[in-house]
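Here is the structure we will look at.
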Amino acid sequence: MKPKISVVVPIYKVENYLRECVDSILNQTLKDIEVILVDDGSPDGCPEIVDNYAKHDKRVVAVHQKNAGYSTAVNRGIAMATGEYIGIIESDDWIEPTMYEKLYANAKKYDTDVTKGMFTSYNSTLPLGTRDEVFRNFLGIDLDLAPDEAFEIAEWPQLVGFHASIWSAIYRASFIKKIKIPETAGASYQDLPFMADFYCRAKRISVVKEPFVHWRNDPNQGNSTSANGQKLLLMVQNTLLAAKVIEESGKMPALAEAFYAQAMWANIGFFRRIEGRYKREYYRKLQEVFRPVAERSTIVGGESFSFKHFRPIDRVYYCLIMEKPYFVLRMVFAAMNLRVRVGGLIKKVVKR
């Protein structure tokens, strides 16, 4: 008899966090689960940890492969999964004990292809009381406002603007096995086109309005937020791929406002961080991303794009990208970065 849920865990260089992650999965109140630990050629102690779990718990499947990247590891785990539903957990995060029991119950109740939960953002360097707070979208999109019953993405398009967070959901196995994460090794936001694809294909989606995943965001942790160089360019490429997926689904008229707002806040931080020699190329790619917004009729059937999910600062970024020469954008961001550095120095002096 197949398990109710298969949990896929892609693993690479997370020796310090892996046990906490796997223990939180094995200690779920829903016991009828399969746990697929995919060691993506990790050079630390992770392979031994994986084998030890498989040796002591029959629910654990140990998989070892040469390093091929996050997406390849996830795709392999999904292909191997035997459960009725499939979840994905990143190996430096941990989850609440009732996560899969509650998500599964909701998925069965509403017969969904995708059932999503909420999550917290954890940073151990922050003061106590602020280290592990429920994630709130920068655009003001709140999962608490999602429909209480099953819906299609066009009925609540804000979901595509919330956060990809593919690890805070479960997916009907027969549905998600038809979709793959693009296998771009080392890329940032590989889950963005994957998210766009499954939301556009899903006939029934539901949201459980309770945080289950503790999403670790410690500095120098090694996730997409610490990528650099040409790897960051793949972020904007994945945004273009996600837009193509939505266009081809025919759902862009309904999703455009939320999708392009998410595309702005997801990319602008990467643009600010990327090395100078790559900035002009990133700028050109951003122009390609937002060209359909400028050409409004291609998105919303002739109606103006309202920017209703854009923050005021995002409108400024849009104008800089689409209406000003590249050197103006560089000067503005240089000034912003200088202000941040000076502010940091002032705080250090004051503390002394």
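Checking each residue in the stretch 196-222 for being part of a helix (DSSP H, G or I), more than 12 Å from Ile170 (Cα to Cα) and out of contact with any helix residue (DSSP H, G or I) (no Cβ under 6 Å at 6 or more places or on another chain) picks out only Arg201.
Output the residues belonging to the stretch 29-79 that are modelled with pLDDT under 95 and at positive phi. Gly69, the sole residue that qualifies.
Please verify whether the stretch 284-307 includes one or more residues that are outside any helix (DSSP H, G or I), at pLDDT 95 or above and either over 24 Å from Trp215 (Cβ atoms) or not aliphatic (A, V, I, L, M) (or both). No, the stretch 284-307 has no match at all. Taking each residue of the stretch 264-282 that is closer than 17 Å to Leu241 by Cα and in the same structural domain as Phe162 (by TED's automatic domain parsing) and looking for partners that are among the aromatic types (Phe, Trp, Tyr) and surrounded by 18 or more Cβ atoms within 10 Å (Cβ to Cβ) with beta-carbon atoms closer than 9 Å, six or more apart or interchain, yields nothing. Looking across the stretch 10-38, the residues that are part of a strand (DSSP E or B) and buried (at least 24 other Cβ atoms within 10 Å of the Cβ) come down to Pro10, Ile11, Val35, Ile36, Leu37, Val38.
Per-residue answers, yes or no, for (1) within 30 Å of Ile205 (Cα to Cα); (2) in contact with a strand residue (DSSP E or B) (Cβ under 8 Å, 6 or more places away or on another chain); (3) of a type in the set (Asp, Glu):
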| position | (1), (2), (3) |
| --- | --- |
| Asp40 | no, yes, yes |
| Asp51 | no, yes, yes |
| Glu84 | yes, yes, yes |
| Asp92 | yes, yes, yes |
| Thr98 | yes, yes, no |
| Glu101 | yes, no, yes |
| Ala107 | yes, yes, no |
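Given the criteria under 18 Å from Val245 (Cα atoms) and without any contact (Cβ under 8 Å) to a residue 60 or more places away in the chain, does Pro193 qualify? In short, yes. Scanning the stretch 63-120 for residues that are in contact with a Leu (Cβ under 7 Å, 6 or more places away or on another chain) and of a type in the set (A, V, I, L, M, F, W, C), we see that the one that is surrounded by the most Cβ atoms within 10 Å (Cβ to Cβ) is Met118. Right, Ala263: modelled with pLDDT of 90 or more and either within 23 Å of Ser121 (Cα to Cα) or among the hydrophobic types (A, V, I, L, M, F, W, C) (or both) or not? Answer is yes for this residue.
The values are calculated or read from the model by the stated rules, or taken from the named source; none is laboratory data. This one's a predicted model, so the numbers in the text were calculated from it and none came from an experiment. Positions of Cβ are generated from backbone atoms using ideal geometry, with glycine treated the same way; all protein chains shown enter the neighbour counts.
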